[in-house]
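Derivation of every value follows stated rules applied to the coordinates shown; laboratory data play no part. Just so it is clear, the model here is predicted, and its values are computed rather than measured. Here the Cβ is made from the backbone with ideal geometry for all residues, glycine too, and neighbour counts use every protein chain on show.
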Amino acid sequence: MPAIDHATVHGTTYWLAATLFVVTFVLIVSEKVHKTKAALFGGALTIALGILSQEEAFHSPHFGIDHGVVFLLISMMVLVNVIGHTGIFGWAAIKVAKLGRGRPLPIMLLFCALTALASALLDNVTTVLLVAPVTLLIADELDVDPIPFLLAEAMASNIGGTATLIGDPPNILIAARARFTFDDFLFHLTPAVLVIMVAFLIALRVFFGKRLRVDEHKRQRVLAMDERRMIKDRSLAVKSLSVLALTLVGFTMHSTLQLEPATVALTGAALLLLISRGEPNRVLAEVEWPTIFFFMGLFLVIGGIVKVGIVRDISAMVIQATGPTADSMKTTAFSLLWFSAALSAVVDNIPYVATMNPLVLDMANSVLHGGQADPNNLPLETLHAPVLQPVWWSFALGSCLGGNATAIGASANVVVVGLAGRAGHKITFGRFLKFGVPTMLLTLVISHVYVLLRYY
Amino acid sequence: MLVRDALVHSPFVVSPNATLFALVDGILAGNQTTASVVDGDRLVGVVSATDVLKQLVPAYLAMDENLAHVLHASFFEEELGKLRNVQVHHAMVRDVDTLPPDASVMQAVAMFVRRGHKTVPIVDDGRFVGAVTRRSVLKLVRGSVDD
């Protein structure tokens, strides 16, 4: 690893990196400039101004672009794009609506369960993009207000995405820095998410149980739907589900196979492209390149503040405030849970997590190694030390679930509000808050109790 | 050749306050599917058969057209019924490409080909003076070229 130039710490480079980070972050959060433009420009300046060397920017696993994260995201987007075009999701949604006997409340609960499951395996935005049109159709056929359904689905998507390594970008980022496996997430986060999901569904039932009633002939319209007509390409549906299943098996075994999650996802995506008909142009064009480049720029800007020692200085303040010791980091864990949730409710959780990751690593180095080890290259036994585990999982739970509070807290929320608006059903910021804040509080309280019972 | 030479003899014109049903009757009675929407002598928009059909298509079908397969059989008739009192200004396109009468016919042809327009309204100093269609342009060109 290239040595940190201590001569420049607190010198020009230090303040240059700090200013660049603050300006980039403010631009991203204020949405005055597209977040991808802001992050890429910040990243480019980080290299051009010499905060990071070109070698560090493009080839260092500690300060530069994390190609594992980039390839994992691209590969999952390719898989999802192909699956999205088969119509399999529409088929599943109509099937589930019929399973709910065409009654609104069971349909709402089942759609939420389906959305949460899909979000755990695919990305949240794609999941809501697939479920929202079917929801609008069913609500139209039943002549009920679609907004409660759409709000509940956005939240179910954020909750479901929390369960796995690939479910939500914050988890991908945390896994990359803490070197957690897919199975680690299944073992530590999935149980919490299952409890949260059950509580969320019960809350929906209590809240909406009596309000959603429809007459018999509207119910019959749903029951008369033929879900088989939703499948656009049967052969591609079978192929893509098979590849997805293989990829998921690969994820659960990636540490045994000594393969990175990115390698597993890339193999799945490449295999699906190979066996599906048609040119790859369309599928590759639908990859969310702005998100990918956003990540690249962000890695560079954050790499800059890590290298010059800003993160180490902030970490010292966090240690002073929350007093973690080698025996217990309880206050740190719970502070991180609630602080992450509060911040993720109002700002994009991706830059937040990317910034906080090195902070947690530095804190672990200070507390567990007296600051003597390299925080970017901590041994696995430190990263996964029992005392540090609740900190990581609280961090993930807070960052993912905090997004439920507001209409801008998570990408899935923004997409749902946009789709509802296009369909003539305006969801105001206030209406989202009324539903989102109680949901966030419910899920956070459960997370708090879960961490308390499981780790303390 | 100028677009004033290719003007349609009797342009298809509707008032913004006309009902969509009246517009549909106009479409069915003539051979033009796009009407210029004119208020007094001012052009305020254009409206086409597609704009009428768009009113019948719920937003979710634009998001996933496959969902049309599972809508109940009488859905289309029920939606059409809802259009009974809807006025043209709800469905028309307000941001319209126009040409002055002394524009070259080639400019109109470019609009037909590159932008997919079926009719280009001709506006002189803010005043609606007529329209050119693909048919009226072809008629003008055919009349000037020998076999």
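Points worth noting:
- With contacts taken as Cα pairs under 8 Å and at least 6 residues apart, chain A reaches a relative contact order of 24 percent.
- Acute angle (nearest 10 degrees) that the helix A:169-178 long axis makes with the longest principal axis of chain A, alpha-carbon atoms: 40
- The range A:49-181: relative contact order in percent, alpha carbon pairs under 8 Å with at least 6 residues between: 23
- At most 11 other Cβ within 10 Å, DSSP loop - trypsin sites (Lys or Arg not before Pro), the range A:242-336: A:R277
- Within the range B:1-105, the trypsin sites (Lys or Arg not before Pro) that combine a DSSP coil assignment with at most 14 other C-beta atoms in a 10 angstrom radius are B:R84, B:R94.
- Pairwise centroid distance, computed over Cα atoms, of the range A:245-312 with the range A:354-391, Å: 24
- Inter-part distance where the range A:414-451 and the range A:149-207 are each reduced to a Cα centre, Å: 15
- Cα centre as origin, Lys/Arg/Asp/Glu Cβ charges: chain B dipole, Debye: 140
- More than 36 Å apart - percent of Cα-Cα pairs taken over chain A: 28
- Peptides A:408-421, A:158-171 ranked from most to least packed give A:158-171, A:408-421, packing being the mean of other C-beta atoms within 10 angstrom over each peptide's residues.
- Per-residue mean of C-beta atoms belonging to partner chains within 10 Å, peptide B:53-66: 5
- Comparing Cα centroids, the range A:106-147 and the range B:87-125 end up 41 angstrom apart.
- For the residue pairs A:K95/A:K210; A:K218/B:K54; B:K54/B:K118; B:K118/B:K139, alpha carbon separations beyond 20 Å are given by A:K95/A:K210; A:K218/B:K54.
- Placing dummy labels 7 Å off each Cα toward the beta-carbon, the span from A:A285 to A:I202 is 5.0 nm.
- Dipole of the protein assembly as shown [Lys/Arg +1, Asp/Glu -1 at C-beta], most positive-end residue of A:I314, A:A139, B:T33: A:A139
- Nearest-ten-degree value, helix A:147-161 long axis tilted from longest Cα axis of chain A: 40
- Residues whose placed amide H lies under 5 Å from that of B:V44, excluding near-sequence neighbours: B:V37, B:V38, B:D39
- Cross-link reach list, lysines versus A:K37, counting only Cα pairs under 25 Å and skipping chain neighbours closer than eight places: A:K307
- For the range B:3-144, relative contact order (Cα pairs under 8 Å, six or more residues apart, normalised by length) works out to 33 percent.
- Unit Cα scatterers, Debye sum, the range A:227-293: log10 I(q)/I(0) for q = 0.15, 0.20 Å⁻¹: -0.61, -0.94
- Along the axis of the charge dipole computed for the protein assembly as shown (Cβ charges of +1 for Lys and Arg, -1 for Asp and Glu, origin at the Cα centre), the listed residues A:F200, A:L337, A:A154 are led at the positive end by A:F200.
- Remark: mean inter-chain Cβ contacts per residue of A:131-138 equal 5, using a 10 Å Cβ-Cβ cutoff to other protein chain atoms.
- Take each residue in A:226-238, count the other chain C-beta atoms within 10 Å of its C-beta, and the mean is 2.
- With θ taken as phi - 60° and the Karplus curve 6.51 cos²θ - 1.76 cosθ + 1.60 applied, the whole-hertz 3J(HN,Hα) list for the range A:279-287 is 6, x, 3, 5, 4, 5, 5, 7, 4 Hz, x standing for glycine and proline.
- For a label point 7 Å along the Cα-to-beta-carbon line of B:N85, residues of the range B:8-34 with backbone N under 16 Å: B:17-22
- Peptide ranges A:124-136, A:430-442, A:32-44, A:65-77 listed from the most packed, as the mean C-beta count within 10 angstrom indicates: A:124-136, A:65-77, A:32-44, A:430-442
- Computed FRET value (nearest 0.05) for A:L246 with B:N66, which takes r as the C-beta separation and R₀ as 30 Å: 0.70
- log10 of Debye I(q)/I(0), alpha-carbon scatterers only, for the range A:29-125 at 0.19, 0.21, 0.24 Å⁻¹: -0.97, -1.06, -1.18
- Diagonalising the gyration tensor over the Cα atoms of the range B:3-144 and scaling each eigenvalue by 5 before taking the square root yields semi-axes of 31, 17, 13 Å, largest first.
- The magnitude of the dipole of chain A, with charges of +1 and -1 set on the Cβ of Lys/Arg and Asp/Glu and taken from the Cα centre, is near 1700 debye.
- Modelled this way, with points 7 Å down the Cα-to-C-beta line, the labels at A:H67 and A:Q320 are 4.1 nm from one another.
- Helix axis angle, A:88-99 relative to chain A longest principal axis, alpha carbon, degrees: 50
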